[in-house]
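Below: the structure, in structure tokens.
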Amino acid sequence: MGGGGDWSLSLMGNYSFNRNKVLEDDSTVVYPWQNTIGNKVGQRFGLVALGLFESYGEIAASPVQTGDTRPGDIKYKDINGDGKIDEYDKVPIGWGSVPEIMYGFGFSLGWKNLSLTAMFQGAAHVDAMLSGEGVLPFSQGSSRGNLLSNITDRWTEENPRQNAFYPRLSIGNINMNYEESTWWLKDTDYLRLKNIELSYRLPDHWMKRIHLDNARIFIQGVNLLTFSSFKIWDVELGDGRGARYPNIASVSLGVNFNF
């Protein structure tokens, strides 16, 4: 915090870190990687995606996956080496929907009767698992669900891209494409400008004339900027299909009087 003459500056910040671990529970597992002990509370388990199948020959040479598996479908890692992909191949994946790190910082800058205040909020070591018919196209048939604006970013025979957002699309949940896996796990670290305000305090000699202690005019913005690689829905909504009401951006203009 500092000031000199007509200028003033205040800085603020906060940082929190949390990490937990299950020490004991009554679960029993077949393989050690299925153990909840030693992992965080609510740890996600899922399959490890290796990319998309490129040919029927690759499918035939890979561990068996249930359903109608074709080129363009997600290929998974056979963790226990038994030649098939099932529940026993699910391992701990991701950070979880609760951030390990939360932080914020901001400033208040003043010059004479003008002041500018801003506050940023951020989170790290957090991710979201996409799921449900609201985000996974045609998973419940051709007459239900959503098609998001990124629907063209998918694998097709004409454009067989490994970095497509969606694997091969099909009607219904007929294969393993929609299993919880690292394919659908998305980084939701973010930094957001939560609040910014520019204000002007009316001069004191004006206030005396109208018998006010003070008054100021301000313009305020909320949630105006968000920096994140996650663009599908409001990054603060977390897991699922983005069905909750998002944080909205707003700008307001006002006058504050103190009698």
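For the stretch 162-248, what does the equivalent ellipsoid look like in terms of its semi-axes, each the square root of 5 times an eigenvalue of the Cα gyration tensor, given largest first in whole Å?
Ellipsoid half-lengths, sorted descending, are 51, 12, 9 Å.
For Phe105 paired with Ser27, estimate the spin-label separation in nm (one decimal), with each label point 7 Å from Cα along the Cα-to-Cβ line.
3.7
How large is the helix-only mean residue ellipticity at 222 nm for the chain, computed as the sum of -39500 (n - 2.57) over DSSP H runs with n ≥ 4, divided by its residue count, in deg cm²/dmol to the nearest 500?
-1000 deg cm²/dmol
Step through the residues of the stretch 175-183 one at a time and calculate ³J(HN,Hα) from phi using the Karplus curve (6.51 cos²θ - 1.76 cosθ + 1.60, θ = phi - 60°), rounding each to whole Hz and writing x for Gly and Pro.
Once rounded to whole Hz, the list reads 8, 9, 4, 9, 5, 5, 7, 5, 4.
Exposure proxy check: Arg241, Arg19 ranked by fewest other beta carbons within 10 Å?
Ascending number of Cβ neighbours within 10 Å: Arg19, Arg241.
Could you pull out every residue, at least 5 positions away or on a different chain, whose amide H is within less than 5 Å of the one on Trp95? Hs are placed 1.01 Å off N in the peptide plane, and Pro or chain starts have none.
Distant-sequence amide H within range of Trp95: Asp127.
In what sequence do Lys77, Lys21, Lys90 fall when counting other Cβ within 10 Å, fewest first?
Lys21, Lys77, Lys90
Specify which labelled value, from [x] 30, 24, 17; [y] 36, 30, 18; [z] 52, 23, 14, agrees with semi-axes √(5λ) of the Cα gyration tensor in Å derived from the coordinates of the model shown.
So the calculated entry is the one marked [z].
Applying 1/(1 + (r/R0)^6) with R0 = 45 Å to the Cβ-Cβ distance of Glu54 and Lys112, what FRET efficiency is obtained, to the nearest 0.05? Present the calculation step by step, with values, prior to reporting the outcome.
Working: r = 66 Å, r/R0 = 1.47.
About 0.10, to the nearest 0.05.
Before anything else, pin down the relative contact order of the chain: Cα pairs under 8 Å, at least 6 apart, normalised by residue count, whole percent.
Reported as a whole number, the value is 18 percent.
Expressed in nm to one decimal, what extension gain is obtained for the pair Phe218 and Ser252 from 0.36 nm per residue of sequence separation less their Cα-Cα distance?
Contour length minus Cα-Cα distance gives 11.4 nm.
Please say if the stretch 63-162 is rounded, prolate or oblate, where rounded means a/c under 1.5 for a ≥ b ≥ c the square roots of the C-alpha gyration tensor eigenvalues, and otherwise the choice is prolate for a/b larger than b/c and oblate otherwise?
Numbers: a/c = 3.38, a/b = 2.01, b/c = 1.68.
Verdict is prolate for the stretch 63-162.
Please report Leu130, Leu198 as a ranked list, fewest other C-beta atoms within 10 angstrom at the top and most at the bottom.
So the residues, fewest neighbours to most, are Leu198, Leu130.
Report the label-to-label distance for Asn163 and Ile37 in nanometres (one decimal), using points 7 Å from each Cα along the Cα→Cβ vector.
Taking the two extended label points, one gets 4.4 nm.
Taking a cut-off of 25 Å, what percent of all Cα-Cα pairs in the stretch 80-220 are separated by more than that?
Roughly 57 percent, once rounded to a whole number.
Residue separation times 0.36 nm, minus the C-alpha to C-alpha distance between Asn146 and Ile174: what's the value?
Extending this stretch completely gives an extra 8.3 nm.
For an R0 of 35 angstrom, estimate the FRET efficiency from the Cβ-Cβ distance between Leu11 and Phe227 and round to the nearest 0.05.
Approximately 0.95, to the nearest 0.05.
Roughly how many Å is it from the Cα centre of the stretch 1-58 to that of the stretch 228-252, as a whole number?
For the stretch 1-58 versus the stretch 228-252, the Cα centre distance is 19 Å.
Give the long-range amide H neighbours of Lys84: residues separated by 5 or more places, or on another chain, with amide H under 5 Å away, using H modelled in the peptide plane at 1.01 Å from N.
Val64
Bear in mind these aren't lab numbers, they're just calculated from the coordinates by the rules spelled out. Please read all numbers here as calculations on a predicted model, not as lab measurements. When we count neighbours, we look across all protein chains shown, and the Cβ atoms used for this are built from the backbone with ideal geometry, even at glycine.
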